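Novice: Structure below; questions to follow.
Any read-out appearing in this document is the output of simple, stated calculations on the displayed coordinates, not a laboratory observation. A quick note: this is a predicted structure, and the numbers were derived from the prediction, not measured. Don't worry about glycine lacking a Cβ; one is built from the backbone with ideal geometry, like all the others, and counts go over all protein chains shown.
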């Protein structure tokens, strides 16, 4: 199995554990910063509020660690642990307890998050009922975290379920349950079950509450969102019709959508809802499925004829919200990757198609973070040759650029392209696991292989 041996809190230095667990608590979004967090002093012996803006997460992680190691500790104990010497001018200094309100707030929130619970022996003491979450944070601190990137799905629910089952069978339970899973975009079109795919994705946070899920926007998802009015509005208030001009010469050939509401639609939405009249697509070797985007199956999955404005009403609000919240880029620090020199820590940049090779990286990231919908065509979501290679300025750094989109598996240095399906029925949906860089496909049938291995038989996993 991937990463079969996990670290415990005791195996990791206090500093590294607290750093990793504080980052986990911050990412989870479940630990709320009190409104007084930036002004409160943590004790009467302190003259100023903490300088570190993340001090509340750090203190929370530190308290969770101490409860893990000592069990049965409460507010009074923490007041002593985090206390200090109070200066009294010319008089001798004396010990002063830390703030009880801070400790009480943190303990209450950790209890609400089911990380700690009241000690049944009473006395307002706390313990950690299960050490799994803390030990998983320890594994993260030791560089053992698991990051999974899943390529284009294109409406194939059976492939999505199969690749997910294979990942769950291959990765150790503790690692899988707390992994970061990045979906690289293009959930719709070409395959027959877009609606079911989005339902599956929406179910993941409740089914796997300790995982983190990132849903990138692909060029097909952008166009789908544009058609159903789920794109973020242009930041300057300009109309979406301002995006038409650049592609106006293609309007008749692609037979753009001209139905109800088209006047206020982004150009990619009009192209997505257009009608190619069954013409042949030489790139795919097949007839177009409705529009230039092969959007016909997406309409059908919602029970609507291709090109009908009725789709806007047929798509559930939850799906529109999902489309509206898709991120254009995800940046993740401290991603472990196995290399010839051993395991190294990298920054990961995930973007659907890639980054332009010669354009400044920070300029591109700023554009992607802003999700500026004034742009007629976002190259980082829809480009081909111009985003294939890794940008020159980061080619020698420990920065991974991971994408889907290109209908290929391509690994070169720190550039990873993971999209074996390309929306074609005969090809598999693929995923990559870090740190091992193992490729997993829906066709691998790892569920039965892992079961056989547990009975003493050998198992042949996919090549790296």
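Novice: Grab the DSSP H runs of the chain that are 4 residues or longer, score each as -39,500 (n - 2.57), total them, divide by all residues and round the 222 nm result to the nearest 500 deg cm²/dmol.
Specialist: On the way: 17 runs with 154 residues, N = 464.
Using -39500 (n - 2.57) per qualifying helix, the result is -9500 deg cm²/dmol.
Novice: Let me ask something else about it. Residue separation times 0.36 nm, minus the C-alpha to C-alpha distance between residue 397 and residue 236: what's the value? List each step's numbers first, then the result.
Specialist: Details: separation 161, 0.36 × 161 = 57.96 nm, distance 3.58 nm.
Contour length minus the Cα-Cα distance gives 54.4 nm.
Novice: Compute the distance from the alpha-carbon center of region 384-446 to that of region 70-119, in whole Å.
Specialist: Each part's Cα centre sits 48 Å from the other's.
Novice: Compute the Cα gyration tensor for region 332-420, then decide on rounded, prolate or oblate, letting a ≥ b ≥ c be the square roots of its eigenvalues: rounded whenever a/c is under 1.5, prolate when a/b is larger than b/c in the other cases, and oblate in all that remain. The partial results should precede the final answer.
Specialist: On the way: a/c = 2.02, a/b = 1.52, b/c = 1.33.
Judged from the Cα gyration tensor, region 332-420 comes out prolate (a/c at least 1.5, a/b above b/c).
Novice: Cα-based Rg of region 65-118 per 2.2 N^0.38 Å, rounded to two decimals? Please list the in-between numbers first.
Specialist: Numbers: Rg = 14.0 Å, N = 54, 2.2 N^0.38 = 10.0 Å.
Normalised Rg, Cα atoms only: 1.40.
Novice: Any chance you could check the Cα centroid distance between region 201-224 and region 276-348 for me, in angstrom?
Specialist: Computed from Cα coordinates, the inter-centre distance equals 11 Å.
Novice: Let me ask another. Would you mind giving the average projected area, over all directions, of the Cα convex hull of the chain in nm² with one decimal?
Specialist: Working: hull surface 110.5 nm².
If you wrap the Cα atoms of the chain in a convex hull and average its projections, you get 27.6 nm².
Novice: Here's another thing I want to ask about it. Once the principal axes of the Cα atoms of region 240-320 are found, what is the range along each, listed largest first in whole angstroms?
Specialist: Sorted largest first, the three principal extents are 35, 30, 18 Å.
Novice: Let me ask something additional. Report, in degrees rounded to the nearest 10, the 0 to 90 angle that the Cα long axis of helix 157-170 makes with the longest principal axis of the chain.
Specialist: Here the helix axis deviates by roughly 30 degrees.
Novice: Could you give the length gained on full extension between residue 95 and residue 443, defined as 0.36 nm per residue of separation minus the Cα-Cα distance, in nm? Numbers along the way, then the final one.
Specialist: Working: separation 348, 0.36 × 348 = 125.28 nm, distance 6.47 nm.
Full extension of this stretch gives 118.8 nm more.
Novice: Then there is this: What ranking do 405, 385, 193, 266 get, fewest neighbouring Cβ atoms within 10 angstrom at the top? List each step's numbers first, then the result.
Specialist: On the way: 405 29, 385 8, 193 22, 266 26.
The order, fewest Cβ neighbours first, is 385, 193, 266, 405.
Novice: Using the number of other C-beta atoms within 10 angstrom as an exposure proxy, rank 384, 371 with the fewest first. Intermediate results must be reported in sequence, preceding the final value.
Specialist: Details: 384 11, 371 19.
In increasing order of surrounding Cβ atoms, one gets 384, 371.
Novice: For the chain, what is the relative contact order in percent, using Cα pairs closer than 8 Å and at least 6 residues apart in sequence? Walk me through the intermediate numbers first.
Specialist: Numbers: 926 pairs, mean separation 70.3, N = 464.
Once normalised by length, the contact order is 15 percent.
Novice: What's the ranking of 391-400, 307-316 by average number of surrounding C-beta atoms within 10 Å, highest first? Write down the numbers at each step before the final one.
Specialist: Details: 391-400: 15.7, 307-316: 17.4.
Peptide ranking by packing, descending: 307-316, 391-400.
Novice: May I ask what percent, to the nearest 5, of DSSP beta bridges between residues of the chain are antiparallel? Don't skip to the answer; put the middle values down first.
Specialist: On the way: 31 of 48 bridges.
The antiparallel fraction comes to roughly 65 percent.
Novice: May I ask for the angle, rounded to the nearest 10°, between helix 132-141 and the longest principal axis of the chain, with both axes built from Cα atoms and the value confined to 0 to 90°?
Specialist: It works out to around 80 degrees.
Novice: A further question on this structure: Starting from 0.36 nm per residue, how many nanometres of slack lie between residue 362 and residue 339 once their C-alpha separation is accounted for?
Specialist: On the way: separation 23, 0.36 × 23 = 8.28 nm, distance 2.60 nm.
The span from residue 362 to residue 339 would gain 5.7 nm if fully extended.
Novice: A further question follows. How would 438, 113 line up from fewest to most surrounding beta-carbon atoms within 10 angstrom?
Specialist: Working: 438 19, 113 15.
Lowest count first: 113, 438.
Novice: Could you work out, for region 239-374, what percent of all Cα-Cα pairs fall into each 10 Å distance bin, beginning at 0 Å and stopping at the bin that holds the largest distance?
Specialist: 10, 28, 32, 19, 9, 2
Novice: Round to the nearest 0.05 the FRET efficiency obtained for residue 114 and residue 280 when R0 = 60 Å and r is the Cβ-Cβ distance.
Specialist: Details: r = 56 Å, r/R0 = 0.94.
So the FRET efficiency works out to roughly 0.60.
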